[in-house]
Every structure is written in structure tokens, then in C-alpha cells.
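Read through the structure below, which is laid out as C-alpha cells, and then see the notes.
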Amino acid sequence: MESAIDSNQLLFWVTLLAGAILIAVVVVFFVLFYLRIKNHHRELALKERQNYWQQILFASCDPKARIVFEPQRLKEFKNNLHIFLWVIQKWSQMHQYVRGDADDGLQRLANKLKLETRILAVMKTNDSRRLIACCIALGDMQKLSSRAVIRLSELVEHKSGMVILTALRALMRYDAKTALPLLLKSVDFIAPERLVTILRECPPKLLTETTSKIILDDTPQHAEYLLRVLKGMEVSVSEHFIKALLNRFASNENIIAAALGLVQSPGLLPIIREHVKSPSTPIRIQATAALARLAEPQDIETLWQLVCDSSWWVRYRAAEGIFEQPSVSTERILARADGLKDEYAKTMLKQMSVEVSYGTL
């Protein structure tokens, strides 16, 4: 009797537990279904907002288009940070593809939306991502207020390197003379190649004058960094700067080599001729490359001596210089090469003749 009662109680509790589990599964299913529907509606609403602002951006590039904002969308733009950041990022991206009237149209749109004022309000934060987006947008403005310039200048001291970089890029576009010294003194945390892309927006004369002054007053480490930047920019530097650089850093072979790599003036040939004799391989490489570019008839024999150097790169640059001489044919060069005792020199000259024949020089 008691055993039957126990079995019935057990069955009751098992049935109750199974029912509870079933109910829980059904509830979870409906909750997940509801969340999925809700997320789907949210995605649709987001897509509609993005499509709306995308059309506004396209329309702003047409000088004949008349833009009227939907009140609801304008309200969302003012009050929803995510929408605001999305719009200003797309607005900045548009600047990469448009010029002239279209660019003016984007600026008119920014004026209508009071974009700068709203950006400055959003920039009252230390959030790096938000600041980067805002700095990029300010850099694409045709004009900046004094408040915007002050805020960008403050960000030069930010803990994030990318915030500093985007703030300085924006300043560079507005006032290169003010921004350039700050930029050159603050960016040895990034690769020179990346800095070169920003500096291409700077007037070449201002760039060379400012950079030259900073290099001559700076530490050897930072001077090396900035010389790599100048090399990447492919700008001309003065003979006076090269001489001052060689004098200022006379004991630093890396800087001497970098300085010789910037030489483009025949007026510095006497200095180059001295440095091709240097015991330092990096210096000989750059001096030989410079001699190959600027060689006068009296330097041809020096290039033939250098093609027998122990350094592969010195031999290569010397061979380039020999083959670049307009008065000497390839046949005559190879005939003389056959008489050399240095087998490495022979090989290099033959290699260079093949490169010349395929037009790779």
C-alpha cells in the first residue's frame, strides 16, 4: 500500500518536473523569437536611417539639389550618438571621392547641420574612438573656428597615439605652419611611411625648412627618424643643410649615410668623393649612390674602383653609375669588365647589363 503511494507521488513529481521543463522551453523559445523579431526591426530601422542619410550626402554633392530634412531624422541625428558618429564618418569618407562643387556641397551640408558645434560637444570625452572620428571630420572642414583649433591642439597631449595623429592631421589641413612643428616632434611612435602620407599635404618649402631646423636642433635618434621621412617625401634639401647636418652629427654614421642619400646637387660632389672612401659600409653605399647620380667625367674611374668594393650594394650602385654614362656603350663596358681581376665586379657588371637591356635601370 505504502509502496503504491510512493510510486504515485514519484510519478506526480516527475510529471510536474517534465511539465515545468516543457513550459520553460516554450517560454525560452518565445523569448528568443521575440528578441529575434525585435532585433530584425532594429536592423531595418537602422538600415532605413543609414539609407536616408546616405541619400542626403549624395544630394548635397549636387549643387542643384534642394535638401529638406525630415524632422524625425534630424531629431535622431541630434540626440542619438551612434547615428551622429555614423553620419560624420560617412561625411568624411565622401571627401575622399569628390572635388570642386561637390566638396563645397558637403561643406554647405555641414553648415546646415551645425556639424562643427555638435562635433565639439561630442568631443568632451576621453573616449579614443569617438575622438578619432571627430578629429577626422574636423580635418575635412573647409574652415575651423578658434574653438575647434584649441580643442585639436589640446589633443596633442592625449594618451592615444592615433588621437594625436588625427588631431595633428586636422590641424595640418587648417594651419600647416602651426601644426607642422607639433607633428614632427610628436610622431616618432609611428612608421615614417605613415607620416609621409600626412606630410604630402604640406607645402614642400615649409616642410623642408621646418624639418631641417628641427633635425639640426634635435637628438640623433629623432634626427634619424626625420631624415627617413624626408627621404620618403622625395623633397629637395639645400646644400647648406647637408653641410650643417654632416658637421652637427660628424660621428654618427647612420645620419651621415642618410644625409648623403638626400644629396641631389653637383655642388656637393667634393664631399661625396671623400665619403666613398669611408670605412663605414652604410656611408660608402649612400656616397656611391650619390656619385652614380651626379658623376662628372672625372668620377668614372672612381666608379670602376668602387665596382670592386667588398660590399654588394656599393658594387651595385657603382655599376649603375657606370651604365648611366651616356658616352660609353654597353659593349665597351663589358669589354673592360672582362679585363678585371675581381670576379664579383665582373658578375655585377654583367648583371647590370642584363637589367639595362630589359629597361629596369
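The values are calculated or read from the model by the stated rules, or taken from the named source; none is laboratory data. Being a predicted model, the structure only gives us computed values, none of them experimental. Backbone-built Cβ (ideal geometry, glycine too); neighbour counts: all protein chains shown. What goes into the accessible areas is simple: the full protein's heavy atoms, side chains included, and nothing from ligands, DNA or RNA. Shrake-Rupley method; radii C 1.70, N 1.55, O 1.52, S 1.80 Å.
Rundown of residues vs (1) modelled with pLDDT under 85; (2) outside any loop (DSSP other than H, G, I, E, B), yes/no style:
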residue: Cys202; (1), (2): yes, no
residue: Glu209; (1), (2): no, yes
residue: Ser212; (1), (2): no, yes
residue: Leu216; (1), (2): no, yes
residue: Gln221; (1), (2): no, yes
residue: Leu227; (1), (2): no, yes
residue: Val237; (1), (2): no, no
residue: Ile242; (1), (2): no, yes
residue: Leu245; (1), (2): no, yes
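Whether any residue in the range 23-35 is open to solvent by less than 80 Å² (accessible area, probe 1.4 Å) and within 21 Å of Gly139 (Cα to Cα) is what I want to check.
The answer is no, given that none of the residues of the range 23-35 is open to solvent by less than 80 Å² (accessible area, probe 1.4 Å) and within 21 Å of Gly139 (Cα to Cα).
Among the residues of the range 154-169 satisfying the criterion of being surrounded by fewer than 16 Cβ atoms within 10 Å (Cβ to Cβ) and within 18 Å of Ile198 (Cα to Cα), which is modelled with the highest pLDDT?
Restricting to residues being surrounded by fewer than 16 Cβ atoms within 10 Å (Cβ to Cβ) and within 18 Å of Ile198 (Cα to Cα), the top hit is Met162.
Please enumerate the residues belonging to the range 330-361 that are open to solvent by less than 60 Å² (accessible area, probe 1.4 Å) and either part of a helix (DSSP H, G or I) or in contact with a strand residue (DSSP E or B) (Cβ under 7 Å, 6 or more places away or on another chain) (or both).
Within the range 330-361, Thr330, Ile333, Leu334, Ala337, Ala345, Lys346, Met348, Leu349, Met352, Ser353, Glu355, Val356 qualify.
Which residue is most open to solvent (accessible area, probe 1.4 Å), if the candidates are limited to the range 41-64 and must be without any contact (Cβ under 8 Å) to a residue 12 or more places away in the chain and within 20 Å of Leu106 (Cβ to Cβ)?
Lys64
Just give me the residues in the range 170-200 being open to solvent by 50 Å² or more (accessible area, probe 1.4 Å), part of a helix (DSSP H, G or I), of a type outside the set (Ser, Thr, Tyr) and at pLDDT 80 or above, in sequence order.
Within the range 170-200, Arg173, Lys177 qualify.
Could you count how many residues in the range 70-90 are part of a helix (DSSP H, G or I) and open to solvent by 50 Å² or more (accessible area, probe 1.4 Å)? I'd like the intermediate steps shown before the answer.
Of the residues in the range 70-90, the ones part of a helix (DSSP H, G or I) are 71-79, 81-90.
Add one more test, that the residue is open to solvent by 50 Å² or more (accessible area, probe 1.4 Å), and what stays is 71-72, 75, 78-79, 81-82, 86, 89-90.
Result for the range 70-90: 10.
Among the residues of the range 266-294, write down those that are open to solvent by less than 30 Å² (accessible area, probe 1.4 Å), under 17 Å from Gly321 (Cα atoms) and among the polar types (S, T, N, Q).
Thr288
Among the helices (runs of 4 or more DSSP H) confined wholly to the range 255-307, which include 2 or more residues that are more than 23 Å from Ile215 (Cα to Cα) and touching a residue at least 24 places away in the same chain (Cβ under 8 Å)? Give the derivation first.
Details: elements: 269-275, 281-294, 300-306.
Passing ranges, in order: 281-294, 300-306.
State which residue is surrounded by the most Cβ atoms within 10 Å (Cβ to Cβ) when the search covers only the range 111-150 and only residues that are charged (D, E, K, R) and assigned to a loop (DSSP other than H, G, I, E, B).
The residue in question is Asp140.
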